[in-house]
Amino acid sequence: MIKQSPFKYFKTSPEIIRLAVMLYIRFPLSLRNVEDLLHERGIDVSHETVRYWWNRFGPMFAAEIRRKRVQQQRAFSKWKWHVDEVFVKVNGKRHYLWRAVDHEGEVLEAVVTKRRNKVAALKFLRKLVKRHGCAEEIVTDRFASYKAALREMGALEKQKTGRWLNNRVENSHLPFRRRERAMQRFRRMRSLQKFAAVHSSVYNHFNQERSLASRDIFKLTRAAALSEWRQLCSG
């Protein structure tokens, strides 16, 4: 069965749609900023069109990136995860964004909950294990809900806590915080969950750890990431 292109009924070329979605998700830009950048390139679209494109194609692109990365990661040992949660305001009310990264800084999962307790921690950890398998170590802070959830999962011996052990996931919150400020907070829990999932996948795709590689290697990996992005959902 031939898979139908998701761009079939759009007059705009897939290259322009991918560019607009990448600019909006990857960089801390507003919808109108993206509209202005596209206008400088001779592309006349409304910011509402950019909003529609990101809502329609962002999850598709993220799902394809995530599927490929999960397949690659399952071939390697997942020896350490770093787990943490941050406060996020949704329509003026406090919610919690639970995030996990591996020992190389790859964002594994992002889940939004209304409460910060054992039930929420258990939901997040079970989803993480279901998608990515099991890790040898799970680094957390001293929040009691992690201990209670891991005990129920029978993985309490894998938990590691320490004053500076979780710096990797603490630093990984920064790109999301920059996007949150550019978007002037979120209005709905569902839109927060959607954007957090898409943003984490796009961040993984373009994050090259440039401080750990030479300039030549960085240029090659950056070009490869951009080339792969231009082929997403191309059939």
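The values are calculated or read from the model by the stated rules, or taken from the named source; none is laboratory data. Please read all numbers here as calculations on a predicted model, not as lab measurements. Because the Cβ atoms are built from the backbone with ideal geometry, glycine has one as well, and the counts that use them run over all protein chains shown. SASA here: full protein model, heavy atoms, side chains in, ligands and nucleic acids out. Shrake-Rupley method; radii C 1.70, N 1.55, O 1.52, S 1.80 Å.
Accessible surface for the chain, divided over its residues, is 58 Å² per residue with a 1.4 Å probe.
In a fully extended conformation the segment linking Leu220 and Phe143 would gain 23.6 nm over its present Cα-Cα distance, using 0.36 nm per residue. For Lys158, a cut-off of 16 angstrom between C-alpha atoms picks up these lysines, skipping any fewer than 8 places away in its own chain: Lys78, Lys80, Lys147. Straight Cα distances below 12 angstrom link Lys130 to the aspartates and glutamates Glu109, with same-chain residues fewer than 8 positions distant left out.
For region 5-75, a Kirkwood radius taken over Cα pairs fed into Stokes-Einstein (37 °C, viscosity 0.692 mPa s) yields D = 252 µm²/s. Along the chain, the exposed loop sites are chymotrypsin sites (Phe, Trp or Tyr not before Pro) outside DSSP states H, G, I, E and B with at most 13 other Cβ atoms within 10 Å, and the longest stretch free of them is 80-163. Remark: the chain carries a charge dipole of roughly 920 debye about the Cα centre, counting +1 on each Lys and Arg Cβ and -1 on each Asp and Glu Cβ. Taking Cα atoms only, the orientation of helix 144-153 departs from the longest principal axis of the chain by about 90 degrees. When you filter the GluC sites (Glu not before Pro) in region 119-223 for DSSP loop state and at most 15 other Cβ atoms inside 10 Å of their Cβ, you are left with Glu136, Glu209. Please tell me which of these pairs span more than 22 angstrom C-alpha to C-alpha: Lys89/Lys114; Lys68/Lys127; Lys3/Lys127; Lys93/Lys160? In this structure, Lys3/Lys127; Lys93/Lys160 exceed 22 Å between Cα atoms. Among (i) 11.9; (ii) 18.0; (iii) 14.9, only one was calculated for this model; which label is it, if the read-out is mean projected area of the Cα convex hull in nm²? Identified label for the calculated read-out: (iii). Against the chain, whose longest principal axis comes from its Cα atoms, helix 47-73 is set at around 50 degrees. Residues whose amide H falls under 5 Å from that of Leu108, counting only those 5 or more places apart or on a different chain, are Ala100, Val101, Asp102, with hydrogens built in the peptide plane.
Applying the Karplus relation 6.51 cos²θ - 1.76 cosθ + 1.60 with θ = phi - 60° to region 127-142 yields 3J(HN,Hα) values of 5, 5, 5, 4, 8, 10, x, 10, 9, 7, 9, 10, 8, 9, 7, 8 Hz, where x marks Gly and Pro.
The value of relative contact order for region 1-138, using C-alpha pairs under 8 Å at least six residues apart, is 16 percent.
Heavy-atom surface analysis with a 1.4 Å probe gives the chain a carbon and sulfur content of 50 percent of its accessible area. Sorted largest first, the principal axis extents computed over the alpha-carbon atoms of region 184-235 equal 43, 32, 14 Å.
Comparing Arg181, Arg18, Arg99, which has the greatest mean-square fluctuation in the GNM of the chain with Cα pairs linked when under 10 Å apart? Comparing Arg181, Arg18, Arg99 in the GNM, the peak value goes to Arg181.
Taking Cα atoms only, the orientation of helix 31-40 departs from the longest principal axis of the chain by about 40 degrees. Highest mobility in the GNM of the chain, judged by mean-square fluctuation with C-alpha springs under 10 Å and restricted to Asn55, Asn167, Asn204, is found for Asn167. Please identify, among Leu165, Leu125, Leu192, the residue showing maximal mean-square fluctuation in a Gaussian network model of the chain using a 10 angstrom Cα cutoff. Looking only at Leu165, Leu125, Leu192, the biggest GNM fluctuation is shown by Leu165.
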